[in-house]
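Below is one structure, written out as structure tokens; comments come after it.
Since every read-out is calculated from the coordinates, none of them should be taken as a lab result. What you see is a predicted model, and the numbers here were worked out from it, not measured in a lab. Cβ coordinates were reconstructed from backbone atoms using ideal geometry, including for glycine residues, and neighbour counts include every protein chain displayed.
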Amino acid sequence: AQKVTQAQTEISVVEKEDVTLDCVYETRDTTYYLFWYKQPPSGELVFLIRRNSFDEQNEISGRYSWNFQKSTSSFNFTITASQVVDSAVYFCALSEPHISNFGNEKLTFGTGTRLTIIP
Amino acid sequence: GAVVSQHPSRVICKSGTSVKIECRSLDFQATTMFWYRQFPKQSLMLMATSNEGSKATYEQGVEKDKFLINHASLTLSTLTVTSAHPEDSSFYICSARAAGVNLGTDTQYFGPGTRLTVL
């Protein structure tokens, strides 16, 4: 069964500090997708990144970077030089495409990490 | 691109009434839409998966007669909470999975959510 663990419930850092959000997943399959979503106080989930299980290259997008380590089943998210606008709940999620339910892949979410950036 | 809207954003109703929530993909066609429920400070729990033109698939424990889902077109899905009770108060979020290559077929884009309060 799929499982996503975000062990950090809440994190607070001072503005401009770097912060890493951890995500560990469990899956039986060799093909899967990993996601990160941001949920600001307004409630809307904002898509940040999707990573294919066959692509272990780390990715950088501005102040955001992601470290995918298949060997440890982790997909960690780092924010560099944090800003107050980064304050939100961040969810890591996993989906497993299967032939039997192709097109209906479900997302399994972690419990989220509430990040607070202190000005 | 990939904008999903929900209406209403907030609704307060009396116990026993029915409430309809609309989810629309504004700039893409969504063959599949998902409905989630989120309690305060908790993760998203998938309620059901709906495909255009067919019956929704409900997750275990979700009453299909209470949470009616209709996916009549490639851009609209509705969730009707019938005979709502205070325990149905929650944040309901829909997502849409894009059909076609450009947006990536494995990414769900989320609506802004609907906060339902049943008195």
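Show log10 I(q)/I(0) for chain B at q = 0.11, 0.14, 0.15, 0.23 Å⁻¹, two decimals, from a solvent-free Debye sum over equal Cα scatterers. So the normalised log intensities are -0.33, -0.53, -0.60, -1.35. Measuring from each cysteine beta-carbon in chain B, the ones with no other cysteine beta-carbon under 4.7 angstrom are B:Cys13.
Amide H contacts of A:Ile49: A:Trp36, each under 5 Å away and 5 or more positions distant or on a separate chain (H built 1.01 Å from N in the peptide plane; Pro and chain starts excluded). When both the range A:70-90 and the range A:25-69 are represented by their alpha-carbon centers, they are found 10 Å apart. Before anything else, pin down the relative contact order of chain A: Cα pairs under 8 Å, at least 6 apart, normalised by residue count, whole percent. Computed value for chain A: 37 percent relative contact order.
Considering only B:His7, B:Met47, B:Gln29, and ranking their Cα positions along the charge dipole of the protein assembly as shown that arises from unit charges at the beta-carbon of Lys, Arg, Asp and Glu, the one farthest toward the positive end is B:His7. Each DSSP beta bridge with both residues in the protein assembly as shown is either parallel or antiparallel, and the antiparallel ones are about 90%. Each residue of the range A:47-63 was assigned a 3J(HN,Hα) from its phi angle through the Karplus curve 6.51 cos²θ - 1.76 cosθ + 1.60 (θ = phi - 60°); the sequence is 5, 10, 7, 10, 10, 7, 5, 8, 10, 9, 5, 6, 10, 10, 9, x, 7 Hz, with glycine and proline shown as x.
How high is the relative contact order of chain B? Use alpha-carbon pairs under 8 Å, at least six apart in sequence, and give a whole percent.
On the way: 306 pairs, mean separation 43.1, N = 119.
Relative contact order here is 36 percent.
Size check on chain A: the Cα extents along the three principal axes, sorted descending, read 49, 28, 23 Å. Here the 3J(HN,Hα) profile of the range B:2-14, calculated from phi with Karplus coefficients 6.51, -1.76 and 1.60 at θ = phi - 60°, is 6, 9, 10, 10, 9, 9, x, 7, 8, 9, 10, 9, 7 Hz, Gly and Pro shown as x. Computed from point charges on the beta carbon alone (+1 for Lys and Arg, -1 for Asp and Glu), the dipole magnitude for chain A about its Cα centre is near 160 Debye.
The phi-based Karplus calculation (6.51 cos²θ - 1.76 cosθ + 1.60; θ = phi - 60°) puts the 3J(HN,Hα) values of the range B:23-36 at 10, 10, 8, 8, 10, 7, 8, 10, 6, 10, 10, 10, 10, 10 Hz, whole numbers, x for Gly and Pro.
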